Structure formats: C-alpha cells, structure tokens
1. For segment 180-207, give me each residue that is crowded, with 17+ Cβ neighbours inside 10 Å and aliphatic (A, V, I, L, M).
2. Within segment 94-110, does at least one residue satisfy the condition of being at pLDDT 90 or above and open to solvent by 70 Å² or more (accessible area, probe 1.4 Å)?
3. Report every pair of residues separated by at least 6 positions or lying on different chains whose Cβ atoms are under 8 Å apart, first residue within segment 9-20 and farther than 16 Å from residue 46 by Cα, second outside any helix (DSSP H, G or I) and β-branched (Val, Ile, Thr).
4. Which one of 117, 146, 161, 168 is in contact with a His (Cβ under 7 Å, 6 or more places away or on another chain) and either at pLDDT 90 or above or open to solvent by 70 Å² or more (accessible area, probe 1.4 Å) (or both)?
5. Return the only residue of 19, 29 being within 24 Å of residue 239 (Cβ to Cβ) and crowded, with 20+ Cβ neighbours inside 10 Å.
6. Report whether or not residue 153 is touching a Lys or Arg at 6+ places or on another chain (Cβ under 9 Å), farther than 24 Å from residue 24 by Cβ and either open to solvent by 10 Å² or more (accessible area, probe 1.4 Å) or at pLDDT below 90 (or both).
7. Please identify the pairs in which a residue from segment 181-193 that is in contact (Cβ under 8 Å) with a residue 60 or more places away in the chain has its Cβ atom under 6 Å from the Cβ atom of a residue that is in a strand (DSSP E or B) and hydrophobic (A, V, I, L, M, F, W, C), counting only partners at least 6 apart or on another chain.
Amino acid sequence: MSSADLAQSIGRELPYLRRYARALTGSQRAGDNYAAATLEAILSDRSVLDGEDDIRIGLFRTFHAIWQSSGQPIDEGERTARESRAQDHLRGLTANSREALLLRTIEELRPDQIARVMQIDQAEAEELVQIALSEMSASLRGKVMVIEDEMIIAMDLKGIVQAMGHDVTGVARTHTAAIELAGQNRPDLILADIQLADGSSGIDAVNELLRDLGDIPVIFITAFPERLLTGERPEPAFLISKPYTEEQVRSAVSQAMFFSSTEGLDAA
C-alpha cells in the first residue's frame, strides 16, 4: 500500500479510534494524546502494521501496544478529585476487561477482531467482555435523565437503564423541558439526542445543564456520529450511533458512571 493510500485509510478510521480512546480514558485530551501517539508510532515505523490486512485492526492494535506500555489512563495533572476516585475504582476491575467491552460494544468489533487488537486468544476476549459487563453493571447505581424527542426510542432507553438498576428521573423532548426536568431532580447521568422535537439542539441543552449543575456524565446519541467526530471542537467522551443496540447502551452507561467529567460541546 502506498503512503498516500495508507494515510487515506487511516484518516477514515481515526475518528473512531479517537472515540474509543476518549471513552477508555474518560477525557478528550487524554484520549487524543493516545491517538496522536499511535499515529506517531505508525509514521516512524510502518512495520507496526505488518501482519494485519485490516487497517482499522492494525490501527487499534498499535494503539493498544502504546496503551498497555503506558499504564496510565489519565495524566495525574488532568484529573479532578472525582476522576481520581473513578480511576481508583477502575483498578479493582479485572485487567483488560473494560477495553474488551468497549471494543465489542462501542466499536462493534467481533471477538476475533478484539483478540487481534489486544493480542490475546479469542476465547479470552469473549470472557473479558462478559466479565466487564458483570463487574461494571454491579458497580454503580444512579439517577439518569433521558433527552430524546422520539418517544419509542425514549421508552426503549428508559427500559434499558431501569433494567440496569438505575432510576430514570424522566424524559425530556425539548431544550426547555430538559432544563425544567433537571431543575426538579438533578441527574447523575444524562442520555441526550442531538436533535430535539422543537428543532432545538440537545448539545445546547446539555451545555446549559452542565453550566447550571456542574459536571455530570453525558452520553450523546446520534444518527450522524461523523458530524461530531471532527477534531475541530470539544467532543463528547461517550457517543453512541443510531441505530444502537442494548449492549451499546448498557456499556456506555456503565462506562460514563465511572467518570465525573464528560466535556460538553459548543453548538454547531
């Protein structure tokens, strides 16, 4: 593959590597630092991709080699007190289980692909996903607010979240309704669509809530993730693409509950 073709192929996959890295670290800055280090490793030595025909898998595999060698998900200087507590909690989870879970649910890799990325056996990859689902779902309970204008989707999200043991404070279909609902019952986590019923922006609603209520984990849901994964502005650490699966929602909710600070977005 020529250098130009390689650059083009990596460019197509880079937004998703950045999404994965931010979900893994709980921070856009830390995640992007790992993604940048991955690119630097490939530019300095293309042989790191040898033996892998799938550029996406090769890119993620290179990332994991750096991730495993560093051993520090978030720089100490960047952590808030709540993020530090979250990291302390994460250390109690089975090693590599959270990585396997994110690769399976958020990035939708098959078990054999996860095994290639993490350089482990496929059976171990499958086991790690199940361990992570069990450990994380039992770890935290909280109050979740849903901002979604499509009622069928809103009720589906509500059911998934409640089945995980969380309380749902309510469903808001507009910017105004979201502000009112959060004022009545402060949530521990927000699940938000990007476009709302009255034409308003879920991004605007979330940013206003974060200004008023302080740091609250946020999971954005959108049918057009590529519009947000541009690297040109602050991006959400947790982003689910529509159509989503129950497994994706469960994973993202469990992940987000571990981190106190999910960056908001400036309106487009």
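1. Within segment 180-207, 181, 182, 189, 190, 191, 192, 194, 196, 203, 205, 206 qualify.
2. Yes - at least one qualifying residue is present in segment 94-110.
3. Going by the 8 Å Cβ cut-off, the qualifying pairs are 15/230; 19/106; 20/106.
4. Matching residue, one of 117, 146, 161, 168: 117.
5. Residue meeting the stated conditions: 19.
6. In short, yes.
7. Partner pairs satisfying both residue conditions: 189/144; 191/146; 191/219.
The values are calculated or read from the model by the stated rules, or taken from the named source; none is laboratory data. Computed from a predicted structure; not experimentally measured. A quick note on method: Cβ atoms are made from the backbone with ideal geometry, for glycine too, and the neighbour counts reach across all protein chains shown. Heads up: the accessible areas ignore ligands, DNA and RNA and are worked out on the full protein's heavy atoms, side chains in. Shrake-Rupley method; radii C 1.70, N 1.55, O 1.52, S 1.80 Å.
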